[in-house]
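The values are calculated or read from the model by the stated rules, or taken from the named source; none is laboratory data. Nothing here was measured: the structure is a model prediction, and the numbers come from that model. A quick note on method: Cβ atoms are made from the backbone with ideal geometry, for glycine too, and the neighbour counts reach across all protein chains shown. When the accessible area is computed, the model is the full protein with side chains, heavy atoms only, and any ligands, DNA or RNA have been set aside. Shrake-Rupley method; radii C 1.70, N 1.55, O 1.52, S 1.80 Å.
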Amino acid sequence: MKDLFLFSSLFDSSHTFSYFFHLGLVAFIAVIIAYKATSSMQFIPRGLQNLGEAFLEGVLSMGRDTLGDEKNARKYLPLVATLGIIIFFSNVIGIIPGFHSPTASLNLTLSLAIIVFVYYHFEGIRTQGVVRYFSHFMGPIKFLAPLMFPIEIVSHFSRVISLSFRLFGNIKGDDLFLMVILALVPYVAPLPAYILLTFMAFLQAFIFMILTYVYLAGAVKIEEGH
């Protein structure tokens, strides 16, 4: 029964409508904020432009620290920043009573995880070449290659499960936690709970972004001897 409850969101038509509605709302909000932040660019940023530039600089800094160079950090900035924006707003919208988090559905989290999985393998093959890219799956010791290769394949596929279920499970848990809090104190605004859930919304978006950069770094920055 627990497993059926976990995956029911993939098949329940009412949930599917709610999911697409709230995902569309999140996309609309993200586009409007991006438009407002860039509609009247100023040399000294303020307001939404200042917030947007601070966010992008933070993502860029994360990329530099993970990938080790400015060029690749800027190259993958659009993907990672877009993931962060969509995930954050999808997380935080569920804090508002009456709204649902799109990331509390495997429809979104699994889709995003597959996008990351396909893209970092594509970049690894494009950058390193097919032979060199897959050769590092075999490890540095040749006689262990038959053992290491299937382990690496399973490890890479498990990243899809890890990325999608980590995000889904945490946000689903946050939604249930908020429901319990509101049921216990329906007429009192549980401010500490909202602060905690907002922090968790940011944290889960950050984790997804940093893992995306880590997987990209592992694909395009293969060290000699591996």
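Values as computed for the structure displayed
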| quantity | calculated |
| --- | --- |
| Convex hull volume per residue for the chain, taking Cα atoms only, in Å³ | 160 |
| Table column - 3J(HN,Hα) (Hz), the range 34-41, Karplus curve with 6.51, -1.76, 1.60, x for Gly and Pro | 4, 5, 5, 6, 10, 6, 9, 5 |
| Top of LEU48, LEU23, LEU60 by mean-square fluctuation, Gaussian network on the chain, Cα under 10 Å | LEU48 |
| Per residue accessible area of the chain, 1.4 Å probe, in Å² | 58 |
| DSSP loop chymotrypsin sites (Phe, Trp or Tyr not before Pro) with at most 10 other Cβ within 10 Å excluded, longest remaining stretch of the chain | 44-186 |
| Signed unit charges on C-beta, dipole axis of the range 114-175, positive-most listed residue SER162, HIS121, VAL131 | VAL131 |
| With Cα atoms, 0 to 90° folded angle of helix 191-220 axis to the chain main axis | 20 |
| Convex hull projection area averaged over all views, the range 26-96, Cα basis, nm² | 5.4 |
| Reachable lysines, given that their alpha-carbon falls under 21 Å from the alpha-carbon of LYS36 and they are not under 8 places away in the same chain | none |
| Euclidean distance between Cα centres, the range 87-119 to the range 129-144, Å | 35 |
| Sequence of THR198, THR109, THR82 from largest to smallest accessible area, 1.4 Å probe | THR82, THR198, THR109 |
| Theoretical gain in end-to-end length, LYS71 to PHE134 [0.36 nm per residue, Cα-Cα removed] | 20.3 nm |
| Only Lys, Arg (+1) and Asp, Glu (-1) charged, at Cβ; the chain dipole about Cα centre in debye | 260 |
| Nearby lysines by direct alpha-carbon distance to LYS172 (threshold 27 angstrom, same-chain neighbours under 8 apart not counted) | LYS2 |
| Value of D in µm² per second that Stokes-Einstein yields for the range 125-226, Kirkwood Rh from Cα pairs, at 10 °C (1.306 mPa s) | 94 |
| In Hz, Karplus ³J(HN,Hα) per residue of the range 66-81 (6.51, -1.76, 1.60; θ = phi - 60°; x = Gly, Pro) | 7, 8, x, 8, 5, 4, 5, 4, 6, 4, 9, 4, x, 5, 5, 5 |
| Helix 145-184 vs. the chain, principal-axis angle (Cα, 0 to 90°, nearest 10) | 10 |
| Net lengthening on full extension, MET179/THR198 (0.36 nm per residue, minus Cα-Cα) | 5.3 nm |
